[in-house]
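Below: the structure, in structure tokens.
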Amino acid sequence: MKEWYKKKWILIVGFVCMFIVSGCGIDKSNSDAKEESGAKNSDEIKIGVIIAETGPASTLGSSQANTVKLLQKQLDEAGPIDGKKIKIAKHDYETDDPKLRK
């Protein structure tokens, strides 16, 4: 009976490993869609930042906005990465949660 449980667990572990490995494949359809949209061929790498420059949490948001400006300045001074310029896109959600969800 003990041997049957051992075989059962080996079989289960084998199936789990098979499913994990099969999920690691390359999805060609998704990468083709990115190339067609031009997202891969862009000259910029965009990074989005959501902060609260205005509203009740503006005391925190102003320091965050200054940090974003400093980072953008440092990135511009460092030059492009792999020939692509880094651009930080900043969005003020005014400490309004419904506006943040949009």
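All of the numbers you see were taken from the coordinates with simple rules; none came from a lab. Computed from a prediction, not measured in an experiment: that's the story for all the values here. Positions of Cβ are generated from backbone atoms using ideal geometry, with glycine treated the same way; all protein chains shown enter the neighbour counts.
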Exercise. So for the pair E94, W9, with labels modelled 7 Å out along Cα→Cβ, what separation do we get in nm?
Worked result: 6.0 nm
For this session: Would you check the stretch 43-102 for Lys pairs whose C-alpha atoms are within less than 21 Å, ignoring same-chain pairs closer than 8 in sequence, and give me the count?
Result: 17
Problem set entry | Ordering of 4-12, 59-67 by packing [mean C-beta count within 10 Å, highest first] | 59-67, 4-12
For this session: Note the direction-averaged projected area, equal to a quarter of the hull surface, for the Cα convex hull of the stretch 46-102, in nm².
Result: 4.1 nm²
